[in-house]
């Protein structure tokens, strides 16, 4: 993407093409779905393969700022489908195309918000990877854009489409655990240090200035780029926003389901959040913690999260997972199985399964046609779960307990509210101001 093109107006795709797209979205029932997939190196490459495999989806555009990655992915789609997509660096070219129905974004966290918002303004639906944005304000603005323009937005928390997770929730809905008041989520993995590499010249095949986007201007560093960008404040949300969002989403879903089974309702948002931990193991350039404990205080309920990215020791015999506990038993949900135990710790039921990437993409496409909310709807599922990550990170960076008021999105005081957004959005990549509905 040429920076000068961005300066010509971030809302370039909201003119006549937007109205054409809105009309097309209403008539998708008998049509093929046309998409642009952007940010296609890592997770985005998997998304590209997933959407290209759907028989009623046409990948018309592939978008990336790395020319080598872009060329390889275009060839991949052509080989898979027999149709060669257009290679673009500026996603707004696809938003200006009336034939495009949706944008699929597998970009780094700091490039989740702007494409989603611009796509909504242009009348396109969106599938965007987790978490919903780089920070709290970005996620809230994404929801506002979605609601204002009546778009379908699916967050990439694939467990919401998993038969395994659905069967676990069905079990919880039957009330087997008795009175439930507590849930927890955790992850452990053996990751590697990233060292302290020196800055260097940006690769000639990469539009590095645009890759930085709203983040501060910095010299290129390979460890702040492909793969390990997520460990830096400017671009990512640490492992809490990387893998933690999946575990927290399942734990929150389980707690919500168990509460409903006992005739109650879990509030959408916690009222107080505390976090402890830090860089306790790795001596390297990473900024986010490698060891972390977060507590989310809901009225009447408690949710906790534990993260260790320097060992793979298991909890409840799962390397990463979620558990919900009641006075009559507890349920443990892993990535490939769930197990229910009675009050004495005896295993009473077990089921196995796996994540469902294809099903999650299929659900999004079906909801584009029906205009119903997808299973990981941004407003009701994706944003509340992503917000847990951003609130936990804010509490950790502040070093004390914070409050959260969902009516005002205040974190309690001016010092805490600094962590609800970036200090500055680099021009011309400012976050649009959209009225909250």
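The values are calculated or read from the model by the stated rules, or taken from the named source; none is laboratory data. This structure is a prediction, so every number in the text was calculated from the model and none was measured. Every residue, glycine among them, receives a Cβ derived from its backbone with ideal geometry; neighbour counts consider all protein chains shown.
Values computed for the structure shown
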| quantity | calculated |
| --- | --- |
| So residue 218, is it in contact with a helix residue (DSSP H, G or I) (Cβ under 9 Å, 6 or more places away or on another chain), assigned to a loop (DSSP other than H, G, I, E, B) and farther than 30 Å from residue 316 by Cβ | yes |
| Sole exception among (1) surrounded by fewer than 18 Cβ atoms within 10 Å (Cβ to Cβ); (2) in contact with a strand residue (DSSP E or B) (Cβ under 8 Å, 6 or more places away or on another chain) for residue 132, by number | (1) |
| Selection from the range 389-437 of residues that are without any contact (Cβ under 8 Å) to a residue 12 or more places away in the chain and in contact with a strand residue (DSSP E or B) (Cβ under 7 Å, 6 or more places away or on another chain) | 412, 417 |
| Pick from the range 252-275, criterion surrounded by fewer than 17 Cβ atoms within 10 Å (Cβ to Cβ) and in a loop (DSSP other than H, G, I, E, B), ranking: nearest to the chain's Cα centre (by Cα) | 268 |
| Test result for residue 70, more than 24 Å from residue 375 (Cβ to Cβ), outside the structural domain of residue 231 (by TED's automatic domain parsing) and buried (at least 19 other Cβ atoms within 10 Å of the Cβ) | yes |
| Test: residue 349 is part of a helix (DSSP H, G or I) and either surrounded by fewer than 19 Cβ atoms within 10 Å (Cβ to Cβ) or at pLDDT below 95 (or both) | no |
| For residue 234: the one exception among (1) on the phi < 0 side of the Ramachandran plot; (2) outside any helix (DSSP H, G or I); (3) in contact with a strand residue (DSSP E or B) (Cβ under 9 Å, 6 or more places away or on another chain) | (3) |
| Residue among 353, 278, 329 that alone is within 23 Å of the chain's Cα centre (by Cα) and farther than 28 Å from residue 405 by Cα | 353 |
| Residue ranges of helices (runs of 4 or more DSSP H) in the range 36-101 with at least 2 members closer than 20 Å to residue 357 by Cβ and modelled with pLDDT of 95 or more | 43-53, 67-81 |
| Condition broken by residue 233, with the remaining ones in (1) buried (at least 21 other Cβ atoms within 10 Å of the Cβ); (2) within 21 Å of the chain's Cα centre (by Cα) satisfied | (1) |
| Scope the range 39-50; condition under 19 Å from residue 363 (Cα atoms) and crowded, with 23+ Cβ neighbours inside 10 Å; matching residues | 44, 47, 48 |
| Boolean, residue 306 is part of a loop (DSSP other than H, G, I, E, B) and either in contact (Cβ under 8 Å) with a residue 24 or more places away in the chain or surrounded by 14 or more Cβ atoms within 10 Å (Cβ to Cβ) (or both) | no |
| Residue within the range 178-196 that is at pLDDT 95 or above, buried (at least 22 other Cβ atoms within 10 Å of the Cβ), within 30 Å of residue 90 (Cβ to Cβ) and touching a strand residue (DSSP E or B) at 6+ places or on another chain (Cβ under 8 Å) present | no |
| Those residues of the range 77-96 which are in contact with a helix residue (DSSP H, G or I) (Cβ under 7 Å, 6 or more places away or on another chain) and surrounded by 15 or more Cβ atoms within 10 Å (Cβ to Cβ), in sequence order | 77, 81, 85, 87, 88, 90, 91, 92, 95, 96 |
| Condition check for residue 20: part of a helix (DSSP H, G or I), at pLDDT below 95, touching a helix residue (DSSP H, G or I) at 6+ places or on another chain (Cβ under 8 Å) and under 15 Å from residue 119 (Cβ atoms) | no |
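Residue-by-condition table, conditions (1) crowded, with 21+ Cβ neighbours inside 10 Å; (2) without any contact (Cβ under 8 Å) to a residue 12 or more places away in the chain; (3) in contact with a strand residue (DSSP E or B) (Cβ under 8 Å, 6 or more places away or on another chain); (4) under 20 Å from residue 385 (Cα atoms):
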{"site": "284", "(1), (2), (3), (4)": "no, no, no, no"}
{"site": "289", "(1), (2), (3), (4)": "yes, no, yes, yes"}
{"site": "311", "(1), (2), (3), (4)": "no, no, yes, no"}
{"site": "322", "(1), (2), (3), (4)": "yes, no, yes, yes"}
{"site": "338", "(1), (2), (3), (4)": "yes, no, yes, no"}
